[in-house]
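Q: First the structure, which I've put down as structure tokens, then a few questions once you've had a look.
The values are calculated or read from the model by the stated rules, or taken from the named source; none is laboratory data. Everything numeric here is computed off the predicted structure, so don't read it as measured data. All Cβ positions, even for glycine, are placed from backbone atoms using ideal geometry, and neighbour counts span all protein chains on display.
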Amino acid sequence: MEKNYFDVIIIGGGVIGCSIARYLSRFKVNVLLIEKHFDVAEETSSANSAIVHSGYDPLPNTKKAYFNVKGNKMMEEVCKELHVPFIKNGSLTIGFNDEDKKTLLNLIQRAKLNGVEAEFIEKEELHKIEPSLNDECLYALYAKDSGIVSPFELTIAFMENAMDNGIKLHLSEKVLDIKKDGDLFLIDTDKDKYKAKVVVNAAGLYSDEILKKLEEPSFKINPRKGEYILLDHFNNNWCKHTLFMCPTKVGKGVLISPTTSFNYIIGPSNDESLKEDTSTDSSTINYLKETASKLIKDIPYAEVIRTFAGVRANPDVDDFIIEESKINPGFINCAGIMSPGLASSPAIGEYVSNLIKEKLNLEINTTYNPTRREIYSLSSLGIEKYNELIKKDSRYGHMICRCEKVSEGQIVDAIHRNCGARSVKGIKKRLRAGFGKCQGSFCEEEVCKIIARELNIPLNSVLYKDEGSEVFKYRFKGKKNEN
Amino acid sequence: MKINNKTYDIVIIGGGSAGLSAAKKAYEEGISSILIVERNNELGGILNQCIHNGFGLHKFKKELTGPEYAYEYIEFIKENNIDYFLNTLVLSINSKDKLIVCSSSEEGIINISYKCLIFSAGCNERTSGQIMIPGERPNGVFTAGLAQKLLNIDGYLVGKNVYILGSGDIGLIMARRMTLEGANVIGVSEIMPYSNGLNRNIVQCLNDYNIPLRLHNTVIKIHGKNQLEGITICDVDDSLKPIEGREKFIKCDTLLLSIGLYPFNAMLKNSGAKVNTETKGAWVDQNLETTLDSVFSCGNVLHVHDLVDYVSDEGEIAGENAAKLIKYGRKTLLKTIFTKHNSNLGYLLPNEIKVYKDLNEVSFSFRVKKPISKGEILFKDGENIIKRSVKNDLIPSEMVKIKLNNLDFNNLNELSVEVNEI
């Protein structure tokens, strides 16, 4: 087979592109995923609310409703196979007055139509199951199937598992042009030229621009930024459920939720922005604080680790866009996947891969292994088993990140896996080293040294995230700068 | 594979200035079964990266560098064969069973039982995330202490055009240090109307090098996607809010943060010790014992100090009292007095006084909340003044230490400390 020919090329290494790659690897098929960043899960998939929505909210009979409900049902099993932490913590959508009560009761009807379990609960029970709530929280829609998952851990796990099963990944490669030539698509990147029978456009924020390279886009992405505040894991019982606010004419308010590492996330805001604008600003952060205080009064802002922002791929249509181009069959758009995109991701991956299977008449990959090798950690193994691991590989005893208890052994493993970490942020996303309150003050340097040693590159070329972000870009005394 | 078990009379978590002096003092008190657990690859803690002088004026009556100061203690530890583990991280404290769980490459997981535990794990620097500086999150924003470590231990200069936020001592020291290494230090912003560093550091590290200090000014935005490209600074009003129209863009490749330290007390807190909400360190009595039985806390993990000499003093108090508890057991408790302070104090230690027979001396430390040019310091039992002293130029960056002695604490009903401007 021609070197640069692929049955399928997926553009975009976010949670949707990587999920499609993973589910495609169930078949005998030659697939390349192209991602312009230095790692997968770098844009929307690295900065969002990290919620696996139950599916009561989307309007019935929409793609959102279908994929959300299905994805939610799949998530537990998927996370077990991929060894990604997933917690079904349940969500509470909080009402503060009679009007909210009406809205919540309507949403419960909608939940029924979507096939989602949702229960209306009154103040007494509400405060019993979530004692931190503000006294003014009167009612709630309780959706027990709502959960939480780390969006970047899930994305990376999808990609690693896809690669374990034969899918190829090209990073730091940008698609410049797409043409149709007979049955094939010709894709030019800044590094190479490819041919493919099927192209999946999972380019998130840039999916309209990618489509534009081939044909007049049928949709437009109007990016909307969400800013967040992240708190430390100071108390595992502070807030157990994902707390949403009852939607009103003004908007959806903000949420407070634990994460799978028992940090707490507060946000998001929802403002028009540029696609690449992930900056935060103080008026928005103040808005988050003020709004969140309606849910929980005394939020311990002394526990703040950082603020951050992510940009959603908000389309100019009301639903997910998951369809083949009518002008250029074989070009499949998976676009406008904003919330509940994370929850929907396994279902979208399965659906799109099945579509391609029919289209290309693919055979089953009999060697497909849905299980990703476990990531060993102190918390997942427990003290005794972890001790046995140290006796086998002493690097697991050498703790590098003292806030999150991450060992050298874990970092080395994360580098050498498929879709391995190659940057400080790559380690952070996979293992949480540097994710703690000191924000890497104590471990970042050691992490860089391990990356340099394991990848056999000079220390001053180790990146923080993308190209151009060398951590040690200046001078070491007595050493020639190798850059 | 079995988990290793070890037993010591005194286990010390952290081999920096507090832990080293605690070990020395406990040894001098006759305890020889002592273990220091240190996560780094050498003893000495942060002193190793403090290559400037000015240490030891109180303790040794001479001016030492950080490593020289540490050496005085490390030699003692080595000469007397006091045990220490390096590259070993404590994972948890189990105060009920009086043991700690550690991890290291050589030993794997180790359970270490203690009679007394001294917690001296030091402090952390506050980060840009914690104070929520708006803008981007590029590479090039460092805490001053990390920049100091990179420069003085690894020989790496973090940047060429440097701005410093916060006038804490490490920031001031680094302003001079980076200038000497050839970096261009553009200026220092301090949000408060006064500096948070020692006066001598303002003079010797900024004024001597013509580095401007902007008071009532802060960084309101960080610019740059991958690498820092610049910052926006702005004057603030009396409520510390940025004043519109007073913004200024500063081009720089590095922002150093010297915006405060806080005790790295999470582990002790997680094991159930009561926390002093003002210091964020442990709640302690006059012997520096926490609310956990036989667990002591001292140094910067208890409250952040400005002079290492005082850290050593505090280590000695913890070391001596741990040793005495082991040698003589616990004395009969007559009563407990909780200490209080007025609103001019940021905090007061100890939080409580355990009154035993013959207790007649207690050391107090506190900081004022705002500068007081002439202050009257009162120790009171109700309305009854026990001790009065007057001090000039009280500032938040300088800790005040006062001893109450020749006093029968059993006669006291309560104890409060007031500072009043006169």
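Q: For the range B:88-111, give me each residue that is at pLDDT 95 or above, part of a loop (DSSP other than H, G, I, E, B) and within 9 Å of chain A (Cβ to nearest Cβ).
A: Selection gives B:THR88 alone.
Residue by residue, here is whether (1) assigned to a helix (DSSP H, G or I); (2) touching a residue at least 24 places away in the same chain (Cβ under 8 Å) holds:
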site	(1), (2)
B:LYS248	no, no
B:ILE259	no, yes
B:GLU278	no, yes
B:PHE296	no, yes
B:ASP309	yes, yes
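Q: Could you list, in sequence order, the residues of the range B:1-22 that are surrounded by 22 or more Cβ atoms within 10 Å (Cβ to Cβ), in contact with a helix residue (DSSP H, G or I) (Cβ under 6 Å, 6 or more places away or on another chain) and outside any loop (DSSP other than H, G, I, E, B)?
A: Step one: filter the range B:1-22 for residues surrounded by 22 or more Cβ atoms within 10 Å (Cβ to Cβ), giving B:10-22.
Among the residues that remain, those that are also in contact with a helix residue (DSSP H, G or I) (Cβ under 6 Å, 6 or more places away or on another chain) are: B:10, B:12, B:16-18, B:20-22.
Listed by number, the residues that qualify are B:ILE10, B:ILE12, B:SER17, B:ALA18, B:LEU20, B:SER21, B:ALA22.
Q: Return the residues of the range A:248-283 that are free of Cβ contacts under 8 Å to residues at least 60 places away in the same chain and at positive phi; say none if nothing qualifies.
A: Listed by number, the residues that qualify are A:GLY251, A:GLY253, A:PHE262.
Q: If you don't mind, another one. Please go through the range B:209-246 and pick out each residue that is without any contact (Cβ under 8 Å) to a residue 24 or more places away in the chain and at the interface with chain A (Cβ under 10 Å from one of its Cβ atoms).
A: Answer for the range B:209-246, where residues must be without any contact (Cβ under 8 Å) to a residue 24 or more places away in the chain and at the interface with chain A (Cβ under 10 Å from one of its Cβ atoms): just B:LYS241.
Q: Hey, among the residues in the range A:421-455 that are among the charged types (D, E, K, R) and away from chain B (no Cβ under 13 Å), which one's farthest from the chain's Cα centre (by Cα)?
A: Initially, the range A:421-455 is screened for residues among the charged types (D, E, K, R), giving A:422, A:425, A:428-430, A:432, A:437, A:444-446, A:449, A:453-454.
Imposing the further condition that a residue be away from chain B (no Cβ under 13 Å) reduces the set to A:422, A:429-430, A:432, A:453-454.
On the way: A:ARG422: 18, A:LYS429: 10, A:ARG430: 12, A:ARG432: 14, A:ARG453: 29, A:GLU454: 26 Å.
Looking at residues that are among the charged types (D, E, K, R) and away from chain B (no Cβ under 13 Å), I get A:ARG453.
Q: Being farther than 18 Å from B:ILE34 by Cα and outside any loop (DSSP other than H, G, I, E, B) is the filter here, so list the residues in the range B:315-334 that pass it.
A: Across the range B:315-334, the qualifying residues are B:LEU333, B:LEU334.
Q: Check the range A:266-285 and report whether any residue there is small (Gly, Ala, Ser) and under 17 Å from A:LEU133 (Cβ atoms).
A: Taking the range A:266-285 and keeping what is small (Gly, Ala, Ser), we get A:267, A:269, A:273, A:279, A:282-283.
From what's left, under 17 Å from A:LEU133 (Cβ atoms): none.
Within the range A:266-285 (the criterion being small (Gly, Ala, Ser) and under 17 Å from A:LEU133 (Cβ atoms)), the answer is no, since none of the residues qualifies.
Q: Something else: Please determine, by comparing only the residues of the range B:388-418 that are touching a Leu at 6+ places or on another chain (Cβ under 6 Å) and assigned to a strand (DSSP E or B), which one is surrounded by the most Cβ atoms within 10 Å (Cβ to Cβ).
A: By that ranking, first place goes to B:VAL417.
Q: Is it the case that A:ALA421 is farther than 17 Å from B:ASN139 by Cα and touching a Pro at 6+ places or on another chain (Cβ under 9 Å)?
A: On the way: farther than 17 Å from B:ASN139 by Cα: yes; touching a Pro at 6+ places or on another chain (Cβ under 9 Å): no.
Taking the combined requirement at face value, the residue does not satisfy it.
Q: Between A:ALA343, A:ALA309, which is surrounded by 21 or more Cβ atoms within 10 Å (Cβ to Cβ) and either free of Cβ contacts under 8 Å to residues at least 60 places away in the same chain or out of contact with any helix residue (DSSP H, G or I) (no Cβ under 8 Å at 6 or more places or on another chain) (or both)?
A: Values: A:ALA343 fails: either free of Cβ contacts under 8 Å to residues at least 60 places away in the same chain or out of contact with any helix residue (DSSP H, G or I) (no Cβ under 8 Å at 6 or more places or on another chain) (or both).
Just one listed residue meets the conditions, A:ALA309.
Q: Which residue, of A:ILE383, A:ILE296, is of a type outside the set (Gly, Ala, Ser) and either within 30 Å of B:ASN4 (Cβ to Cβ) or within 14 Å of chain B (Cβ to nearest Cβ) (or both)? It would help to see each step written out before you state the result.
A: Details: A:ILE296 fails: either within 30 Å of B:ASN4 (Cβ to Cβ) or within 14 Å of chain B (Cβ to nearest Cβ) (or both).
Going through A:ILE383, A:ILE296 in turn, the sole match is A:ILE383.
Q: Can you pull out the residues in the range B:127-154 that are at the interface with another protein chain (Cβ under 9 Å from one of its Cβ atoms) and more than 21 Å from the chain's Cα centre (by Cα)? Before you say what the answer is, go through the steps one by one.
A: In the first step, residues of the range B:127-154 are kept if they are at the interface with another protein chain (Cβ under 9 Å from one of its Cβ atoms); the result is B:127-140, B:142-143, B:145-146, B:149-151, B:154.
Hits for the range B:127-154 are B:MET132, B:ILE133, B:PRO134, B:GLY135, B:GLU136, B:ARG137, B:PRO138, B:ASN139, B:GLY140, B:LEU151, B:ASP154.
Q: Would you say A:VAL250 is buried (at least 17 other Cβ atoms within 10 Å of the Cβ) and outside the structural domain of A:ASN30 (by TED's automatic domain parsing)?
A: Details: buried (at least 17 other Cβ atoms within 10 Å of the Cβ): no; outside the structural domain of A:ASN30 (by TED's automatic domain parsing): yes.
Taking the combined requirement at face value, the residue does not satisfy it.
Q: Do we have any residue at all in the range B:280-291 that's basic (Lys, Arg), touching a residue at least 24 places away in the same chain (Cβ under 8 Å) and farther than 22 Å from B:GLU361 by Cβ?
A: As a first pass, look at the range B:280-291 and keep what is basic (Lys, Arg): B:280.
From the residues that got through so far, the ones that are touching a residue at least 24 places away in the same chain (Cβ under 8 Å) too are none.
Within the range B:280-291, not a single residue is basic (Lys, Arg), touching a residue at least 24 places away in the same chain (Cβ under 8 Å) and farther than 22 Å from B:GLU361 by Cβ.
Q: Additional query: Can you find even one residue in the range B:108-125 that is under 22 Å from B:LEU206 (Cα atoms) and buried (at least 23 other Cβ atoms within 10 Å of the Cβ)? Before you say what the answer is, go through the steps one by one.
A: Going residue by residue through the range B:108-125, those that are under 22 Å from B:LEU206 (Cα atoms) are B:125.
Subset that is buried (at least 23 other Cβ atoms within 10 Å of the Cβ): B:125.
Yes, the range B:108-125 has at least one match.
Q: Has the range B:224-234 got any residue that is assigned to a helix (DSSP H, G or I) and of a type in the set (Val, Ile, Thr)? Steps first, answer last, please.
A: Within the range B:224-234, the first condition is being assigned to a helix (DSSP H, G or I), and the residues that meet it are none.
The answer is no; no qualifying residue exists.
Q: Just for the range A:1-50: of the residues that are small (Gly, Ala, Ser) and over 30 Å from A:VAL254 (Cα atoms), which one is surrounded by the fewest Cβ atoms within 10 Å (Cβ to Cβ)?
A: Filtering the range A:1-50 for residues that are small (Gly, Ala, Ser) and over 30 Å from A:VAL254 (Cα atoms), the one surrounded by the fewest Cβ atoms within 10 Å (Cβ to Cβ) comes out as A:SER25.
Q: Still on this structure, please answer the following. Could you check how many residues of the range A:175-195 are in contact with a helix residue (DSSP H, G or I) (Cβ under 9 Å, 6 or more places away or on another chain) and among the polar types (S, T, N, Q)?
A: In the first step, residues of the range A:175-195 are kept if they are in contact with a helix residue (DSSP H, G or I) (Cβ under 9 Å, 6 or more places away or on another chain); the result is A:175, A:178.
Right, trim to among the polar types (S, T, N, Q) and you get none.
Final tally of qualifying residues: 0.
Q: If you don't mind, another one. Quick one: would you say B:GLY122 is modelled with pLDDT of 95 or more and within 8 Å of chain A (Cβ to nearest Cβ)? Let's see the steps before the verdict.
A: On the way: modelled with pLDDT of 95 or more: yes; within 8 Å of chain A (Cβ to nearest Cβ): no.
No; evaluated as a whole, the condition is false for this residue.
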